[in-house]
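Heads up, the thing below is written out as structure tokens.
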Amino acid sequence: MAGAVGGFQPPLFPRDDRVTAPPPSASADMVRRLVHSADPQHESRALELLSHAQRLGNMGWAEWDLESGEALWSDHLYVIFGRSRAQGPIRLHELPAHVDSADAQTLDRLLWKVTREPEPVQAEFRVRRDGGVRNVRAVLERVEGKSGRVGVHGLIQDITSRRRAERIVSQSRRELSEAREQAAVDRQVTLAMRDAILPQPGTTVELPHSRIAVRYVPAEKTANLGGDWYEAAPLPDGRVLLAIGDVAGHGLEVIAQMAQLRHALLGLSMTGRPADLLLSWLNDLVRHRLDGTTATAIVGHLDPASGGFVWSQAGNLPPVLVREGVARRLRPPDGLLLGVDEWAYEQARITLRPDDVLLMFTDGLVERRHRDIDEGLAHTLTAAAKLRPASLEEDLDRLLEEIGGPNPEDDACLLAVHMREFPPRRRPG
């Protein structure tokens with residue numbers, strides 16, 4: 001039979017066109033009672049509230065008579081299906097023609113069930129209208145009137161906006177998951193690259209008459225690692241090169257720039273030239289080969305035989321000297337960030353004693369978004385005063401905890417030098 005959907009047979013039509021209105025039903029009776037209410041004001045208010053509820057819920061109701069084929073719709077159902085009242089309601093057997101073909105079986109099962117089950121049935125499907133597609137949810141119920149005539153009552157709600165929002169949320173979650181996976185991959189690559197460039201942080205470096213403990217602390221919330229670095233290497237003339245620095249930014253490009261800076265310093269240090277000149281050369285490298293990059297650094301030479309430490313700085317916070325349980329910041333020589341401008345760097349000199357601890361660090365150790373840098377430096381001095389040569393590695397970990405743990409937004413690098421006993425002086429002759 002034309003118009004049949006699966007096992008559902010379309011409603012029977014009257015043999016002539018004299019039937020122009022559906023038979024009485026519960027919903028129709030309700031509407032008629034409202035229309036013929038003895039209180040016109042109450043009637044108008046009730047109809048207004050009913051219409052308002054349908055608009056707010058984006059829903060409408062329908063009645064279909066399975067014997068006559070006639071249909072009765074509320075006003076908002078015309079809005080949902082994109083029809084004018086002049087076109088009239090869609091009869092039940094005509095409904096499949098307005099449903100997306102992919103959902104034809106869903107509608108077929110719904111109509112088959114509503115004619116056979118006493119309980120309400122529901123389903124979601126898409127309807128075509130105005131050149132687009134709308135998502136609707138339909139709840140249908142089979143009813144029998146007092147005259148024995150069978151009909152279907154339905155409540156249909158437009159849920160297009162809800163489904164669109166769900167798709168957007170689902171897409172956002174998928175993109176976030178993919179971004180997290182990519183960030184994890186990038187971080188692993190960055191870690192591998194950093195490990196290939198720097199000596200393993202967190203270990204102890206044993207040098208003549210001195211011992212060095214190092215900590216590299218990645219930012220807690222930043223997916224990409226920063227450009228913090230350090231160096232501690234014996235030189236051919238017997239001195240020890242001590243350096244620490246930070247290239248501004250995060251990510252693989254910054255790691256690559258950090259590698260160039262650190263490797264250049266190692267090569268230049270073989271010349272035996274003083275720290276101030278080494279920084280001037282590094283500044284030229286950053287300005288002319290790493291365009292747009294800035295970096296901080298401390299470069300110094302430690303003489304293990306005398307304890308003399310000569311150092312220069314380029315925009316980095318000065319080292320902290322811990323002597324007999326008292327921590328103080330060293331007075332920094334004049335210096336400017338690497339990469340900003342041509343600069344004549346200066347040097348400072350201090351003589352370390354046995355059991356002194358010299359602490360060098362990048363600004364990620366003390367800077368926090370929620371506190372002033374002076375407060376961070378005060379916490380660092382208090383914690384540094386507790387550094388003990390016998391437990392230097394453990395004390396560095398404790399220092400990190402006492403000043404607030406890892407920085408959420410920035411990496412940090414620490415280098416602590418413990419000066420041991422000096423070698424005995426040879427007597428002349």
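Here are the numbers for this structure:
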read-out	value
Qualifying residue in region 306-326 (condition: farther than 18 Å from ASP246 by Cα and within 41 Å of the chain's Cα centre (by Cα))	yes
Selected residue (criterion: farthest from the chain's Cα centre (by Cα)) from residues of region 109-118 that are among the charged types (D, E, K, R) and at pLDDT 90 or above	LYS113
Extreme residue, surrounded by the most Cβ atoms within 10 Å (Cβ to Cβ), among residues of region 288-312 that are among the β-branched types (Val, Ile, Thr) and in a strand (DSSP E or B)	VAL299
Residue check for THR380: in a loop (DSSP other than H, G, I, E, B), assigned by TED's automatic domain parsing to the domain that holds ASP237 and buried (at least 18 other Cβ atoms within 10 Å of the Cβ)	no
Looking only at region 63-100, and only at residues there that are among the hydrophobic types (A, V, I, L, M, F, W, C) and either outside the structural domain of ARG149 (by TED's automatic domain parsing) or part of a helix (DSSP H, G or I) (or both), the one that is nearest to VAL114 (Cα to Cα)	LEU92
Where a residue in region 274-290 is in the same structural domain as VAL254 (by TED's automatic domain parsing) and within 13 Å of GLY335 (Cβ to Cβ) and its partner, wherever it lies, is of a type in the set (S, T, N, Q) and crowded, with 22+ Cβ neighbours inside 10 Å, with Cβ under 6 Å and at least six apart	ALA275/SER312; ASP276/SER312; LEU279/SER312
Selection status of ARG323, in contact (Cβ under 8 Å) with a residue 24 or more places away in the chain and more than 17 Å from LEU277 (Cα to Cα)	yes
Only one of ARG55, ARG33 that is at pLDDT below 90 and over 21 Å from ARG162 (Cβ atoms)	ARG33
Restricting region 264-273 to residues that are assigned to a helix (DSSP H, G or I) and touching a residue at least 24 places away in the same chain (Cβ under 8 Å), the residue that is nearest to ASP237 (Cα to Cα)	SER269
Qualifying positions in region 240-256 - within 19 Å of ASP341 (Cβ to Cβ) and either surrounded by fewer than 22 Cβ atoms within 10 Å (Cβ to Cβ) or more than 26 Å from the chain's Cα centre (by Cα) (or both)	GLY245, ALA248
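One line per residue, one yes/no per condition, for (1) modelled with pLDDT under 80; (2) surrounded by fewer than 17 Cβ atoms within 10 Å (Cβ to Cβ); (3) farther than 21 Å from LEU242 by Cα:
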residue	(1), (2), (3)
LEU392	no, no, no
LEU396	no, no, no
GLU401	no, yes, yes
ASP410	no, no, yes
CYS413	no, no, no
ALA416	no, no, no
PHE422	yes, yes, no
PRO428	yes, yes, yes
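The values are calculated or read from the model by the stated rules, or taken from the named source; none is laboratory data. On a predicted model such as this, the values are computed, not experimentally measured, just so you know. FYI the Cβ positions are ideal-geometry reconstructions off the backbone, even for glycines, and counts take in every protein chain you see.
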